[in-house]
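The values are calculated or read from the model by the stated rules, or taken from the named source; none is laboratory data. Since we're looking at a predicted model, the values are computed, not measured. Positions of Cβ are backbone-derived with ideal geometry, glycine not excepted, and every protein chain shown enters the neighbour counts. All accessible areas refer to the heavy atoms of the entire protein, side chains included, with ligands and DNA or RNA removed. Shrake-Rupley method; radii C 1.70, N 1.55, O 1.52, S 1.80 Å.
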Amino acid sequence: MKIAVIGANGQLGSDLVSAFQDNGDAVQGLTHADIEIADLPSVKRVLEGIQPQVIVNTAAMHHVENCEREPEKAFAANALGARNLAFVARDLDAVLMHVSTDYVFDGGKGSPYVEEDAPRPLNAYGITKLAGEHFVRATAPRHFVVRTSGLYGKNPCRAKGGLNFIEVMLKLAKERGEVRVVDSEVVSPTSTAELAQQMVRLSQSDCYGLYHATAEGSCSWYEFAREIFELTDTRVRLNAAGPNEFPAKVPRPKYSVLENKALKSRGLNIFKPWQEGLQKYLGKRIKTSSPSVLT
Ligand SMILES: NC(=O)c1ccc[n+]([C@@H]2O[C@H](COP(=O)([O-])OP(=O)(O)OC[C@H]3O[C@@H](n4cnc5c(N)ncnc54)[C@H](OP(=O)(O)O)[C@@H]3O)[C@@H](O)[C@H]2O)c1
């Protein structure tokens, strides 16, 4: 198939390009320099030139504090950008696979969220991403909306500019005798390599719709750090941070675990427990050198 991957040099996008190529697809990777999703003429010109059968969108403004500070910009990328892609996917008769987030939920449920749960975002990032989901679902006849959470991969997240959580923990451990990490936010840390495989698998089906797609199980950031240090034999004093030690500047869900209910009900779920994804990441990290830092 001919696939256009938008955000191709991003954390998830770079693994998607590799995963679709490994699957034998003809992949056109598009960076921000190639396409501006908030601009309909740009989206039309670029995608009409490629004529893809599947458009995969990872592009977003997703630095939570920046979205809160500049909601118009966040809406332009996350909501209108998704709408532009949906219009063009419809007109080209292409499938649109659009990546969304666990931050569409408020965290109040306290047990894993399924696709039928009513979203209630707490911040501008979540609100604009939810609006993007609605535009895609209302406009692109053949779409996959894929909600995920707590991503880490071999390439750093460009929006957050630098190292992923695992690399930050290992760096802090090297520099300090003690590391303090929040224990009050529960997520499902998900490897972008594994998510990319899952999205390739999904793209081969015609079961269009809304999907939760995260590693199995959940942990707090503190528990995630503990597992990182155990698996790497890192000697450091790890302590749970107090409730007000790192006050959030923007409200965030305390519990945003997603259940891959739709994937499972269609026999499509390939995710393993989060500990296995972490082990694989750390295994590859030893073989290669540590990931590059954004410049
Ligand atoms: N990271 C997480 O933990 C997480 C969790 C849940 C959901 N998600 C979702 O997953 C997706 C991918 O995240 P990621 O970590 O791979 O992000 P990333 O590393 O920041 O990559 C995003 C890519 O999109 C590009 N981009 C941004 N705005 C654009 C625009 N207006 N037009 C065209 N391209 C644009 C970026 O280019 P530039 O950097 O050059 O602007 C970058 O290549 C996002 O949709 C995000 O909402 C992420």
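Numerical summary
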| quantity | calculated |
| --- | --- |
| Set of lysines near residue 254 by C-alpha distance (under 24 Å), chain-local residues within fewer than 8 positions excluded | 109, 129, 160, 272 |
| Degrees, to the nearest 10: 40-50 long Cα axis against longest axis of the chain | 80 |
| Average accessible area per residue (Å²) across the chain - probe 1.4 Å, nucleic acids and ligands excluded | 46 |
| Segment residue 205-residue 178, length gained on full extension (0.36 nm per residue, minus Cα span) | 5.0 nm |
| Length gained when the stretch residue 246-residue 272 is fully extended (0.36 nm per residue, less Cα-Cα span) | 6.3 nm |
| Longest exposed-site-free window of the chain, the sites being trypsin sites (Lys or Arg not before Pro) in a DSSP loop that have at most 13 other C-beta atoms within 10 Å | 1-175 |
| Whole-percent carbon and sulfur share, accessible surface of the range 191-283, 1.4 Å | 47 |
| Under 18 Å from the residue 21 label point (7 Å along Cα→beta-carbon), backbone N, the range 159-197 | 192-197 |
| DSSP-defined beta bridges in the chain - what % are antiparallel, rounded to 5 | 5 |
| Residue 101 long-range amide H proximity, modeled H, under 5 Å | 148 |
| Sulfur and carbon atoms: percent of accessible area, the range 33-143 [1.4 Å] | 51 |
| Entries of 73/249; 73/284; 2/44; 2/73 with Cα pairs more than 26 Å apart | 73/284; 2/73 |
| Dipole of the range 112-253, positive direction: furthest Cα of 188, 204, 139, with charges on the beta-carbon | 139 |
